[in-house]
Amino acid sequence: MQYVVVGHGTAGQTAAAVLKKVDPDSEVYVIEKGNYVSNHPCALPMVLGGRLPLEALGESVPKGRINLLLGARAEKIDLNGKRVIFNKDGSVDELPYDKLILATGLKPVFPKVEGMDLEGVGTVWDIETVRDLLKVIGNKVVVVGGSATGIEVAAELAKTGRDVMLIEALEQLMPGKIDPPISSAIARALTGMGVKVMLKTRMEKLEGSGGK
């Protein structure tokens, strides 16, 4: 039996490991467009805050168990022929499969506002995006979005002495995820760390000078 998993995030990594466990004689291939084996997304804010080196986030795959193709992008699925066509380093190749698992994950949603292409604007999404942010992050930082990640990023950066503002379009942090009293307690804790928390505040436009 040959399995092909597209995507090596949390779901893809777990799927590949479980497949090899329940069917040890099978061949398991994973097609991953990124250049890292995997990463710990929850630790990305700590990298921005300087508490962890970026290289500490990578994970390894036991040799001989899973065939991991890094830097490979799945471009087409031939359902009739049961094969995945992918591009790796500019070369097109294919993998046949008996069973196929799609674990491509999500993409961050960027606000459609002017200035999103300015230098210094980015997202905390994976190792690549955090690596880019580390090159340009300054002493004044605005974090857009009061999700769990936004809260952690704001807290970690505040610990470094940076001037941090956290803005959230709705009336509480982590809207729809936690009750208002808990959200208020988190906001107070952030304020105590020096973070300026702005609720019911929507980003309308980003302005810069010289592309920055």
Practice task
Pull out a ≥ b ≥ c, the square roots of the eigenvalues of the alpha-carbon gyration tensor of segment 138-198, then state rounded if a/c is under 1.5, prolate if not and a/b is larger than b/c, and oblate in the remaining case.
Solution key: prolate
Handout entry: Of Gly90, Gly34, Gly146, the one that fluctuates the most in a GNM where the chain has Cα springs shorter than 10 Å
Key = Gly90
Problem - Residues of type lysines that Lys21 reaches as a straight line, Cα spacing below 17 Å, ignoring anything fewer than 8 places off in the same chain - result: Lys63, Lys99
Practice task
Out of all DSSP beta bridges with both ends in the chain, state the antiparallel percent to the nearest 5.
Solution key: 35 percent
Fill in the blank from the handout: Given unit charges at Cβ for Lys, Arg (+) and Asp, Glu (-), the dipole magnitude of the chain about its Cα centre in debye, nearest 20, is 360 debye
Completion exercise
With label points set 7 Å from each Cα along the Cα-to-Cβ direction at Thr201 and Asp23, the distance between them in nm comes to 5.2 nm
Exercise for the section: Please give the contour-minus-distance gain from Asn80 to Thr10: 0.36 nm per residue of separation, less the Cα-Cα distance, rounded to one decimal in nm. Expected result: 22.4 nm
Handout entry: Part-to-part distance (alpha-carbon centres) for segment 165-203 and segment 63-133, which is given in Å
Key = 32 Å
Practice task
For segment 97-212, list log₁₀ I(q)/I(0) at each q in 0.11, 0.12, 0.23 Å⁻¹, using the Debye formula over Cα point scatterers of equal strength and ignoring solvent, two decimals each.
Solution key: -0.42, -0.49, -1.46
Problem - Test item: Cα-centred dipole of segment 138-198, Lys/Arg +1 and Asp/Glu -1 on Cβ, debye - result: 180 debye
Completion exercise
Excluding residues fewer than 8 positions from Lys200 in its own chain, the lysines with Cα under 23 Å of it are Lys112, Lys140, Lys177
Practice task
Pull out the extension gain between Lys112 and Asp98, defined as 0.36 nm times the separation in residues minus the alpha carbon to alpha carbon distance; nm, one decimal.
Solution key: 0.9 nm
Handout entry: Under 17 Å from the Cα of Lys33 - aspartates and glutamates, other chains or at least 8 residues apart
Key = Glu59, Glu75, Asp89, Asp93, Glu94, Asp126, Glu128
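No value in this document is a laboratory result; all are computed from the given coordinates. Just so it is clear, the model here is predicted, and its values are computed rather than measured. No Cβ is skipped: glycine too gets one built from the backbone with ideal geometry, and neighbour counts run over all protein chains shown.
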